[in-house]
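> Can you read through this structure? Questions will come right after.
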């Protein structure tokens with residue numbers, strides 16, 4: 001094969017390959033000449049398999065670092081003009097620092113010490129200049145751009161995922177901070193569940209028992225774009241219940257459970273409210289106490305507390321204040337007809353607390369609501385059971401409602417389950433000390449499409 005030299009072009013007479021020079025020969029440019037198209041001009045060739053362990057770098061290469069631990073690149077011996085680059089593939093250099101170690105006594109930026117990249121998303125390029133400065137960083141990016149996710153991004157609470165959705169669970173007060181909204185407006189409509197603290201149970205007195213605490217108010221709205229099974233109390237049909245988020249922080253309040261009545265002349269304490277954005281779930285009502293006429297009834301709340309056995313104590317009203325759909329139900333009514341003494345169970349999210357069965361037991365707590373917003377079916381906001389009663393305890397205590405209510409058994413140990421909004425069990429007689437039990441704390445869960 002021969003070649004032809006023309007004025008501006010060297011080309012082949014036949015074939016597609018042109019060979020310049022020969023084996024063992026060097027092709028050199030004249031002094032002051034420049035070249036294009038013959039390879040590197042201050043750039044690197046990127047190795048597209050990310051590095052996951054310590055390695056020795058090669059001049060002319062760029063490396064992506066996929067670190068699950070602190071990694072190191074050992075630099076080669078430097079020759080003037082050598083170049084090497086690194087980029088944070090995993091975007092976690094702040095957690096797992098990446099070290100660049102010079103060869104022997106060579107330097108990086110004039111110092112015979114390792115260079116450390118410690119900013120998420122950081123990228124850097126080094127060129128070897130001379131023995132005085134060694135490898136010099138000629139380009140450093142500490143906020144490298146990525147593609148913009150099309151869905152909501154947010155922080156706060158305990159974060160889990162389910163399918164294409166992200167779930168934030170708040171078991172204590174916090175902040176749901178939306179840092180980026182979705183590109184499609186419909187994807188900014190979120191799902192949520194807000195449950196308040198359950199009410200505490202009422203105390204017992206000789207021959208009589210305290211009413212069960214009412215469950216904390218239950219509020220839920222399911223967005224059409226989050227595919228889970230909501231409770232029957234889903235409020236999506238009411239526009240005021242729908243929340244379309246913006247890029248802003250949303251304070252979260254998680255209500256504490258109400259205390260059980262501290263003595264034999266007190267009703268249980270109402271639970272505290274839980275709040276997310278414009279949605280408030282109201283604390284459950286405290287259970288009634290069998291001492292002192294004003295203490296017979298259960299208190300009103302998200303769900304009402306059960307009435308005491310003495311005085312035919314009425315159950316407290318539920319859904320107080322009123323919401324659409326209802327956030328809870330009334331407590332059961334107590335009965336004072338010896339030997340048929342029994343107290344009422346606290347109301348639950350989906351059912352009234354009952355008044356018990358004569359000669360058998362005190363009232364059961366009202367049932368709670370079951371939802372899969374967390375990723376699995378879970379019941380919340382059950383009412384507390386009425387306490388055991390009668391001179392010899394012949395009336396059994398009521399059962400706590402499904403979803404966290406405390407059973408009505410002796411003492412104050414049968415609390416509503418934490419982070420369910422369950423009502424506390426009513427105090428029992430005989431019992432030592434026969435105090436009402438504390439209601440369970442509330443919870444807030446937020447769910448949205450994230451991919």
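> Would it be correct to say that residue 150 is more than 24 Å from residue 328 (Cα to Cα), free of Cβ contacts under 8 Å to residues at least 40 places away in the same chain and either assigned by TED's automatic domain parsing to the domain that holds residue 377 or within 21 Å of the chain's Cα centre (by Cα) (or both)?
So residue 150 fits the description; yes.
> Within the set of pairs 6 or more residues apart or between chains, which connect a residue that is farther than 17 Å from residue 73 by Cβ inside the range 129-141 to a residue that is not in a strand (DSSP E or B) with Cβ atoms less than 7 Å apart?
Short answer, once both residue conditions are applied: 129/80; 130/80; 132/110; 133/107; 133/109; 133/110; 141/122.
> Could you say which residue among 269, 229 is assigned to a loop (DSSP other than H, G, I, E, B) and over 21 Å from the mean Cα position of the chain (by Cα)?
Details: 229 fails: over 21 Å from the mean Cα position of the chain (by Cα).
Checking each option against the conditions leaves just 269.
> How many of the residues in the range 175-226 are more than 18 Å from residue 325 (Cβ to Cβ) and over 18 Å from the mean Cα position of the chain (by Cα)?
24
> Give the residue, chosen from 383, 411, that is modelled with pLDDT under 90 and either in the same structural domain as residue 344 (by TED's automatic domain parsing) or closer than 13 Å to residue 193 by Cβ (or both).
Sole residue among the options that is modelled with pLDDT under 90 and either in the same structural domain as residue 344 (by TED's automatic domain parsing) or closer than 13 Å to residue 193 by Cβ (or both): 411.
> Next question, about the same structure. Name the residues in the range 321-346 that are surrounded by 24 or more Cβ atoms within 10 Å (Cβ to Cβ) and either closer than 19 Å to residue 219 by Cβ or free of Cβ contacts under 8 Å to residues at least 24 places away in the same chain (or both), would you?
327, 328, 329, 330, 346 - these are the residues of the range 321-346 that are surrounded by 24 or more Cβ atoms within 10 Å (Cβ to Cβ) and either closer than 19 Å to residue 219 by Cβ or free of Cβ contacts under 8 Å to residues at least 24 places away in the same chain (or both).
> Tell me, please, whether a residue that is assigned by TED's automatic domain parsing to the domain that holds residue 325, assigned to a loop (DSSP other than H, G, I, E, B), at pLDDT below 95 and in contact with a helix residue (DSSP H, G or I) (Cβ under 7 Å, 6 or more places away or on another chain) can be found in the range 289-297.
Within the range 289-297, one or more residues are assigned by TED's automatic domain parsing to the domain that holds residue 325, assigned to a loop (DSSP other than H, G, I, E, B), at pLDDT below 95 and in contact with a helix residue (DSSP H, G or I) (Cβ under 7 Å, 6 or more places away or on another chain).
> Can you tell me which of 125, 226, 169 is modelled with pLDDT of 95 or more, outside the structural domain of residue 439 (by TED's automatic domain parsing) and either surrounded by fewer than 21 Cβ atoms within 10 Å (Cβ to Cβ) or out of contact with any helix residue (DSSP H, G or I) (no Cβ under 6 Å at 6 or more places or on another chain) (or both)?
125
> Follow-up. Yes or no: the range 233-254 includes at least one residue that is crowded, with 24+ Cβ neighbours inside 10 Å, part of a loop (DSSP other than H, G, I, E, B), assigned by TED's automatic domain parsing to the domain that holds residue 349 and at negative phi.
yes
> If you take the residues in the range 46-63 that are crowded, with 18+ Cβ neighbours inside 10 Å and in a strand (DSSP E or B), which one is farthest from the chain's Cα centre (by Cα)?
Checking each candidate, the answer is 62.
> How many residues, within the range 190-224, are in a loop (DSSP other than H, G, I, E, B) and over 13 Å from residue 389 (Cα atoms)?
15
> Given the structure, is residue 210 assigned by TED's automatic domain parsing to the domain that holds residue 439 and at pLDDT 95 or above?
no
The values are calculated or read from the model by the stated rules, or taken from the named source; none is laboratory data. Quick caveat, the model's predicted, so the values are computed rather than measured. Positions of Cβ are backbone-derived with ideal geometry, glycine not excepted, and every protein chain shown enters the neighbour counts.
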